[in-house]
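All remarks here apply to the structure that follows.
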Amino acid sequence: MTPTAVAESTKGTEQTALITGSEAIAVACKLADVDVITGYPIRPYDTVIQYIAQLIADGEMDCEYIVAEGEHSQFEIVKHASTVGARVFCGSSGVGWMYAFECLTVTPALRVPMVVMVGNRALDDPGAFGVEHNDALAVRDLGWQLVWVDSAQEALDTALIAYRVAEDRRIFLPCAISCDGAFLTHSQAHVKIPPQDQVNQFLPRYDRGDLLLHPDNPISVAPQANEDWLMEIRRQTAAAMDRSMGVIREAYKDYEKIIGRSYGNPFFEEYMTDDADIVLVGMGTLSTPVKVAIRKMRQEGKKVGLVRVRWFRPFAAEELAKSLSRFKGIGVIDRDFSLGSPYASGVLTTEVRTALYPAAKHPPIIGFICGLGGREVTVPDVEKMSDITFAAAAGKAQPATQWIGVRE
Amino acid sequence: MATIDYPLPKLEPFKGQKKIPLEEFFTSGHRTCQGCESALVMKMMAKAAGPRTIVLGSTGCMYVANTTYYSTSWVIPWMHTQLGSSGSAALGTAAGLKALMRKGKMKKEPINVIAFCGDGGGADMGLSAISATLTHPDYNLLILMYDNESYANTDIQLSGSTPYGANTTFSPPGKVKRILHHRWKKNMAGMLAAGHPECKYIATVDMSYGLQAMNCVRKALSIGGPTFIHSLDPCPKGWDYDPMISHDLGELAVTTGVWPLYEIENGLLKLYGKTKEIAEGRYKRLPVRDYLLRQGRFAHFKDEDFDYFQSKIDQMWEKWLYPGIIPFRAELDKE
C-alpha cells in the first residue's frame, strides 16, 4: 500500500495494511504526531525515513523534517528539539549508529526522551548489509532502553509503547527499537493499524515540565559538575532506568486495554516452554526459523522451547532467571559477538549467565554465535544448537561458546 | 521557497553606547580568566539578544568556565551541546520551537536561538554541521564562533584557526624546529559566505568594537534564517600577554589588517570600522610586528618569521579579490 493509503486508514476504525517493519514504525510516527524527524541515509534503517518523507510530501504528516549531513548531527538535532518539548524520531544502522556514538552517550545522561529505530546491521569492516546486533548493543551501558521486535506488528505497537515509556516523567530516557536488517526492515506483513483516537487516548502529549528549555523557564542544562556532583546525577539516571521496568509493564497493560492487543509478558516471549526440557534463547527475527525448527523437533519427540528476549534494557533478570532455571539446558543464540568476553560468548549469553547466577538451580548454558552479517539461521542450524544443548543437559561436557553455520 | 512561519524578533540597532540597556543576561558566577575577551563576547551577545533567547553552548572555555554546577552565569535558558554540535544544536532547537508553534503546542512568539562554539568546535570539528545548518533557510538562528585561536580550555592546543607559527602546547618551538605549526589560519567567515549563498547574514566582529559587534548580533537574529558571526577574541592565557592589554590587542588585530571587519548582508558585502578606512586608503595599516610582538606565543619569532607573516597579510590586502574574504582573484581581473 502507498504511504498515503495507509495513513488514510488510520482515520476510521482499525485497518489492516501490508507493510514492512520499517514502514510499520513510520506509521507509528504518524500516529504519534511526531514533531521533529531527522534522517541520514544508511541501509537498512533508511526505509523508515523514505516512507516518512512520502507521508510528509503527501501532507499526511506535519513535522519538521531535516535531512542531516551525518548521523552525529542527525541525533544532535533531535536531542535539542526534544529539550524544547518536541516529540522526536530518528534512527540509524551499523556504523551510522556508531558515527553518532557521542550523541548516543549524552542523550540518556541529559534525560532526553527520544524514540529511534535501529535497523540492525553488521558493523564495518568487511562491508555487509545484513543483520548483526552489535550496533544497538554498543549502547547497552549508557541508559538507552533497548527493545528487539520480530514482526512488523510488534514494531508498530512497540514504537507507540516506546513513546509512552520514554516520555514518562519518571523515565525521560531514550528508547531504541531494534529491527533486524532485511528480515524485518524489508519484509512485508499484514499489520493492524490502530485508529488515531485510540492512539491519542493511549499516548499523552510529551510534557517536559520543569526541564523545558524555554525563556519562561530559564534553566541551565548540563553544566560542569565534576566530582562534586557527577555521581549523584548518574545515580538519578540509574534510578530512572530502575523505574523503567514498572513503567513498561503499565504501558503494555494500557495498550491492551485501549488498543486491544496483548503481548503477555512484555519483557520476553515464551514459545512451547510449558513442557520443554531445553530452551533456546534469542532476540529478533531468528524466532521464525527457531519456531519452525521447534515444531519439527517436537514431531520427533524433542521437547524444545524458545524464550525470545524483547527488552534487553532494562533486562528482566529476575523474571528471566526464574523462567530459565526450570529447564534442563539453555542454549543462547547471539546474533552478535563480544571478543575477549567471559567464555568468549556473545553479549546475550553473558547477560543470561549473569542473570542466572543468583538462581537456586543452574541449568548448563551454552552460548551460540550464529547468523552474523545477515547469514540465515537455518532450521538445521537450530536443530544442531538444540542437540548440543540436549547433550549439555545430559551432563556431556560442551564448549561454552560455539560458532554455528561458519566455515572452519 | 523557504518559509519561516513564526514571528521574527524586532531588534533595532543600539544607537550609541549610552543606549545599551543596563540589564545583564550573562552575569556573575563564571570563572573565566582575567582579561578574557570571549567572556565579554558572551555578555554582549546575551545583552544584544535580550531575555527571550535560548543559548546553546558547545564544549570549550565558554562552557567549562561559565557553568559550574550551581553557579551558572546564564540568566537566560542555556544548554550544553557537544564540541562539534553548535550547528545541530541551533537547528534542532529552532526546529523544535517551529514545529510546536505551528502545531499550536506552544505560544507563537519570537524566541532567539543562539549556538556558540569556539574555533576548535566551529572551524575544526563542527564545520560540517555549521555548513549544513546554514543551508536551512526555514529556521531562524545564529551561530557565533568565539575565536581565541586555540583549544584554550584544554591547555592551549593549536586549532585550524591558530595563526601561523604560534607557540601552543601542541606546537612548541624546539631546538631543531623553531616553527612547528605552519598552516595558515582558516578563513571561516569568508568560506561560509562563499559556500552558502542563501545565508542572509555573515559578519566578523571584535569586542574592542563592542557596539558594532552587538548590533551585528541584533541584525543576525532579526534578518530571518540561519546566520553566522565570527568573533576574534584575544586570550591572555593562550596568547600569553598581560590581561590588561586584551582590548589593545583586539584593536591592533584590526589596525594591522590581520582581522578585517565586515558584514555580508543579503548578498551585499560591507566593510566597517577601521577595516573600511584601510580599504578606502584613509588609514594606513600598522606593521603586524606591533601586534605579534606583544604576544608571548610569537616570542620565538625571528625577523624572517615576522617578514613572512607580514607578506601574507600584505598579500591578503593586495592580491585577494576581497581582503579577508575571497583569497583568489579571477583571470579576468589581471592587473
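The values are calculated or read from the model by the stated rules, or taken from the named source; none is laboratory data. Being a predicted model, the structure only gives us computed values, none of them experimental. Cβ placement follows ideal geometry from the backbone for every residue including glycine, while neighbour counts extend to all protein chains displayed. With ligands, DNA and RNA removed, areas are computed over all heavy atoms of the protein, side chains included. Shrake-Rupley method; radii C 1.70, N 1.55, O 1.52, S 1.80 Å.
Quick check: at a probe of 1.4 Å, how many percent of the accessible area of the protein assembly as shown sits on carbon and sulfur atoms?
Working: 15500 of 28720 Å².
With neighbouring chains kept in place, the figure for the protein assembly as shown is 54 percent.
Counting heavy atoms of the protein chains alone, residue A:121 has an accessible area of about 30 Å² for a 1.4 Å probe.
Return the calculated 222 nm mean residue ellipticity for chain B, to the nearest 500 deg cm²/dmol, obtained by summing -39500 (n - 2.57) across DSSP H runs with n ≥ 4 and dividing by the residue count. Walk me through the numbers on the way to the answer.
Numbers: 10 runs with 102 residues, N = 335.
Estimated from H runs of four or more residues: -9000 deg cm²/dmol.
Partner shielding of B:66-72 amounts to 6, given as the average count of beta-carbon atoms from other chains within 10 Å of each residue beta-carbon.
Take the Cβ-Cβ distance between residue B:270 and residue A:210 as r, set R0 to 56 Å, and report the resulting FRET efficiency rounded to the nearest 0.05. Before the final figure, lay out the partial values.
Numbers: r = 44 Å, r/R0 = 0.79.
Taking R0 as 56 Å, the efficiency between residue B:270 and residue A:210 is 0.80.
For the range A:172-243, the Kirkwood estimate of hydrodynamic radius, built from reciprocal distances between every pair of different alpha carbons, is 17.0 Å. Along its principal axes, chain B has C-alpha extents of 65, 54, 39 angstrom, given from the largest down.
Normalising the Debye intensity of the range B:168-226 to I(0), with uniform scatterers on Cα atoms only, and taking log10 at q = 0.12 Å⁻¹ returns -0.51. Cα centroids of the range A:27-100 and the range B:283-305: 50 Å apart. Spacing of the modelled spin labels on residue A:242 and residue A:360, each 7 Å from Cα toward Cβ, amounts to 2.7 nm. When only alpha carbons are used to place a centre, the range B:176-239 and the range A:263-336 end up 60 Å from one another. With the convex hull constructed from alpha-carbon coordinates only, the protein assembly as shown shows a mean projected area of 37.0 nm² over all directions. For the range B:257-335, the fraction of C-alpha pairs more than 14 angstrom apart is 68%. Expressed to the nearest 5 percent, the antiparallel share of DSSP beta bridges inside chain B is 30 percent. For residue A:334, the residues whose modelled amide H falls within less than 5 Å of its own, excluding neighbours fewer than 5 places apart on the same chain, are A:368, A:369, A:370.
Mean-square fluctuations from a GNM of chain B, with a 10 angstrom spring cutoff on Cα atoms, peak among B:106, B:188, B:44 at B:106. Amide H contacts under 5 Å for residue B:148: B:119, B:233, restricted to partners 5 or more places along the chain or on a different chain, H placed in the peptide plane at 1.01 Å from N.
Highest mobility in the GNM of chain A, judged by mean-square fluctuation with C-alpha springs under 10 Å and restricted to A:227, A:154, A:71, is found for A:227. When chain A is treated as a Gaussian network with alpha carbon springs shorter than 10 Å, the biggest mean-square fluctuation among A:122, A:182, A:100 belongs to A:100. Its alpha carbons give the range B:1-55 an Rg and a Dmax of 14.5, 47 Å.
Let me know the mean shielding of B:101-110 by other chains, meaning the per-residue number of their Cβ atoms within 10 Å of its Cβ.
Per-residue shielding by partner chains comes out at 3.
Both radii were evaluated on the Cα set of the range A:111-234; the Rg over Rh quotient, with Rh as the Kirkwood radius, amounts to 1.06. Among the residues of A:34-44, the average count of other protein chain beta-carbon atoms within 10 Å of the residue beta-carbon is 2. Close amide H contacts of residue A:220 (hydrogens built in the peptide plane, cut-off under 5 Å, sequence separation of 5 or more or a different chain): B:78. Counting heavy atoms of the protein chains alone, residue A:8 has an accessible area of about 100 Å² for a 1.4 Å probe.
Taking all protein chains as they are arranged and a probe of 1.4 Å, the heavy atoms of residue B:237 leave approximately 100 Å² accessible to solvent.
Of the three principal axes defined by the Cα atoms of chain A, the extents in descending order read 67, 56, 44 Å. Over all pairs of different C-alpha atoms, the range A:184-315 has a mean inverse distance whose reciprocal, the Kirkwood radius, equals 19.2 Å. Once you list every other residue whose beta carbon is under 9 Å from the beta carbon of residue B:252, what net charge do they have if Lys and Arg are +1 and Asp and Glu are -1? In short, -2.
Maximal additional length on extending the residue A:376-residue A:227 stretch stands at 48.8 nm, based on 0.36 nm per residue less the C-alpha distance.
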